[in-house]
Amino acid sequence: MKRTILLTALAISLASANASLATAAPGHNGHKGQISKARIFAGLDLSDIQKQDIREIMRQVKQDNAVYAADIEALKAQMEALFNLETFDAALAQDLVRLRTEQAINIELNIATAKHQAWSLLNDEQKAEFAAKQEKRAEKERQRKALDFERLQKRLNLTDEQSQAISDIQEQHRDATAELAQTLKASKDAEKALVYSNQFSEEAWLTIAQASQSAAIEFGVAKTQSRFDMLQVLDDEQRAKFKKIVDREQSRKKHGKKRNKPAK
């Protein structure tokens, strides 16, 4: 298997280890940063009043979710400690993933509500344009990740043995969680469709999110062990380099900064 494909597995599984804690998305990869707020509506032909209203909605949800910041950081620190253990602690992983999933509900509900409020400010033409841009953004993100994986490959300089080990771990994880992954994807798609519809309500969103909680916890524990196993494949220098890359990426997404060229 080509190393670029292997780095896809490594980057998705390891980078989301911290990112999912920072955003507390229930069972999904979630929103990177705190949704970078109004950026999802960038590029639309909005009036000045619409722009101001959307900025205010996103400012308010950021303020509302700020009360969870300390809990998020504490949970993130505990997860990082788990990854630094010599052997995987399944019981600890179960507790942390369960806490993360429970913690995420209120945060994600606030974000979903804010997105719906902002979307509701659009006229029919703008909503159609927004839907088209969402599809283009998704494809652009997939292409961006492919480039990131190539850069990451060069930075970490995996050996053939490391590449094969990561390939085996990731394949085992995919086989073991295929059904759970489909369940969570269906839930995520249903949440997104609801947010950008006239049928949105907090109760309806909670019904979808809570229905997938048990699957989210089971998937999260399996993914945490997969991440742990893959981290064991890296040597100390590679792990240190990877942590710097992840931290920089999280900071960029959290603050909405543009991507810089990677340092050599």
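The values are calculated or read from the model by the stated rules, or taken from the named source; none is laboratory data. As the structure is a prediction and not an experimental result, all values here were calculated from the model. Cβ coordinates were reconstructed from backbone atoms using ideal geometry, including for glycine residues, and neighbour counts include every protein chain displayed.
See the values below:
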| quantity | calculated |
| --- | --- |
| Cβ pairs under 6 Å, 6+ apart, first in region 154-172 and farther than 12 Å from ASP229 by Cα, second at pLDDT below 85 | SER163/ARG3; SER163/LEU6 |
| Checking ASP89 against (1) under 17 Å from the mean Cα position of the chain (by Cα); (2) of a type in the set (D, E, K, R); (3) at pLDDT 95 or above; (4) closer than 22 Å to ARG239 by Cβ, the condition it does not meet | (1) |
| When residues of region 79-93 are limited to those that are assigned to a helix (DSSP H, G or I) and of a type outside the set (Gly, Ala, Ser), the one surrounded by the fewest Cβ atoms within 10 Å (Cβ to Cβ) | GLU80 |
| Subset of region 116-167 that is of a type in the set (Asp, Glu) and either crowded, with 17+ Cβ neighbours inside 10 Å or modelled with pLDDT under 85 (or both) - its residue that is farthest from ILE49 (Cα to Cα) | GLU150 |
| Where GLU56 falls short, out of the listed (1) more than 17 Å from PHE219 (Cα to Cα); (2) in contact with a helix residue (DSSP H, G or I) (Cβ under 9 Å, 6 or more places away or on another chain) | (2) |
| Check on LEU206, closer than 30 Å to TRP119 by Cα and either more than 18 Å from the chain's Cα centre (by Cα) or at pLDDT 95 or above (or both) | yes |
| Restricting region 209-224 to residues that are surrounded by fewer than 18 Cβ atoms within 10 Å (Cβ to Cβ) and of a type in the set (S, T, N, Q), the residue that is nearest to the chain's Cα centre (by Cα) | GLN213 |
| Check on LEU96, outside any helix (DSSP H, G or I), modelled with pLDDT of 90 or more, more than 26 Å from ALA204 (Cβ to Cβ) and not polar (S, T, N, Q) | no |
| Matching residues, region 36-78, being under 24 Å from GLN94 (Cα atoms) and either touching a residue at least 40 places away in the same chain (Cβ under 8 Å) or not in a helix (DSSP H, G or I) (or both) | TYR68, ILE72, LEU75, LYS76 |
| Qualifying residue in region 187-200 (condition: exposed (fewer than 13 other Cβ atoms within 10 Å of the Cβ), hydrophobic (A, V, I, L, M, F, W, C), in a helix (DSSP H, G or I) and more than 16 Å from the chain's Cα centre (by Cα)) | yes |
| Extreme residue, farthest from the chain's Cα centre (by Cα), among residues of region 66-86 that are of a type in the set (D, E, K, R) and more than 22 Å from ASP236 (Cα to Cα) | ASP71 |
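So that you can scan it fast, the table gives a plain yes or no per residue for (1) modelled with pLDDT of 85 or more; (2) in contact with a Pro (Cβ under 8 Å, 6 or more places away or on another chain):
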| residue | (1), (2) |
| --- | --- |
| SER212 | yes, yes |
| ALA216 | yes, yes |
| PHE219 | yes, no |
| GLN238 | yes, no |
| PHE242 | no, no |
| LYS254 | no, no |
| LYS258 | no, no |
| LYS261 | no, no |
